[in-house]
Amino acid sequence: MAWLGLITWITLYGCFFMAAYTGRFSWLLLCVWWMPVMGMCLSYRSGMNINGLMVIICIVMFLISRKSLTDVKMWNLKMRKRKSILFGIEYLFCLLFLYYCFWQAQKEGYLWDIQGASLEITSPLRIFLGSLPIIALAFPLTEMVYNSLDRIWCKKREVVLLACKFFTSGANGEERGLWQGYYLDAIHNGVNYHFKMTKRNYHMLKKEKNLRLQVKVGLLGGWYVTENPCPDYVKKVRKGDRRAAIIGTSLLLLVSVAGVWYFWFFA
């Protein structure tokens, strides 16, 4: 249990670090799948039940969702076809798995029992109100699973973007904000295209007017750029990469020491 707790602790740190480094806050959503496992590791006492199925579901869903984020430097999901039936089926499965994991975690005493899962008789209203956060979280998590499905098979395509315009925008449209995103507007064959991108690529390319991209078109039509379009510009962000590596490694050591200290001596 101590090993599982330490791995979960380090994985959660990795998600937070990647969210800060790339500017993609979807990395934080991945932490949702680890919450029941972390609750189990923190709350486990001798004699408590260990729900292995819950752990397997959380790990598998984490890996599937993570596939939608890894190695993607720029992406355009507006080109993707939204198949409502397929998305609905994925949502139901995602909701079922998420509900099961959190219900079992509450039932076994790993997490605070807001739904009354550990009680013999509980109020339907309490179950419904406690389920609302799970119902809401299942939607963005399904989006990630949908993106992973899109990336199962991709075909390559070269795209030349003209009149590139780079900008940042917060959640409410302001230039800077807590949930700031990084964007590119450009023209290809007379049509305007809108890309989201990582923070690193934004700082590397923000002065470019034209770009030649090697795009991977997904199974459902999404556009993904996994190769750096200007590898010669890496030196522009080398200082930031160096600083991120130093900070990330230092914090990882501290997080690892804190995890060992807790899970081996106090848990």
**Study point:** Evaluation of Phe93 against (1) within 25 Å of Leu254 (Cα to Cα); (2) surrounded by fewer than 20 Cβ atoms within 10 Å (Cβ to Cβ) (one fails), failing number
**Key:** (1)
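How about region 158-267: which strands (runs of 3 or more DSSP E) wholly inside it have at least 3 residues that are hydrophobic (A, V, I, L, M, F, W, C)?
Here the list reads 181-188, 191-197, 211-217.
Given the residues Gly218, Gly190, Gly181, Gly170, which is the only one that is over 30 Å from Gly116 (Cα atoms) and in contact with a helix residue (DSSP H, G or I) (Cβ under 8 Å, 6 or more places away or on another chain)? If you could, list the steps in order and put the result at the bottom.
On the way: Gly190 fails: in contact with a helix residue (DSSP H, G or I) (Cβ under 8 Å, 6 or more places away or on another chain); Gly181 fails: in contact with a helix residue (DSSP H, G or I) (Cβ under 8 Å, 6 or more places away or on another chain); Gly170 fails: in contact with a helix residue (DSSP H, G or I) (Cβ under 8 Å, 6 or more places away or on another chain).
That would be Gly218, the only listed residue that is over 30 Å from Gly116 (Cα atoms) and in contact with a helix residue (DSSP H, G or I) (Cβ under 8 Å, 6 or more places away or on another chain).
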Practice item. Determine the pairs where a residue that is farther than 25 Å from Tyr262 by Cβ and at pLDDT below 90, located within region 43-72, has a partner that is in a loop (DSSP other than H, G, I, E, B) and acidic (Asp, Glu) with Cβ atoms under 7 Å apart, the partner being 6 or more residues away or on another chain. Key: none
Practice item. Read through the list (1) over 23 Å from Gly240 (Cβ atoms); (2) modelled with pLDDT of 90 or more, then give the number of the only condition that Leu4 fails. Key: (2)
Point to revise | Thr142 being part of a helix (DSSP H, G or I), farther than 24 Å from Met48 by Cα, among the hydroxyl-bearing types (Ser, Thr, Tyr) and touching an Asp or Glu at 6+ places or on another chain (Cβ under 8 Å) | key: yes
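The values are calculated or read from the model by the stated rules, or taken from the named source; none is laboratory data. All of these numbers come straight from a predicted model, not from anything done at the bench. Using ideal geometry, Cβ is built from the backbone for each residue, glycine included, and neighbour counts are taken over all protein chains shown.
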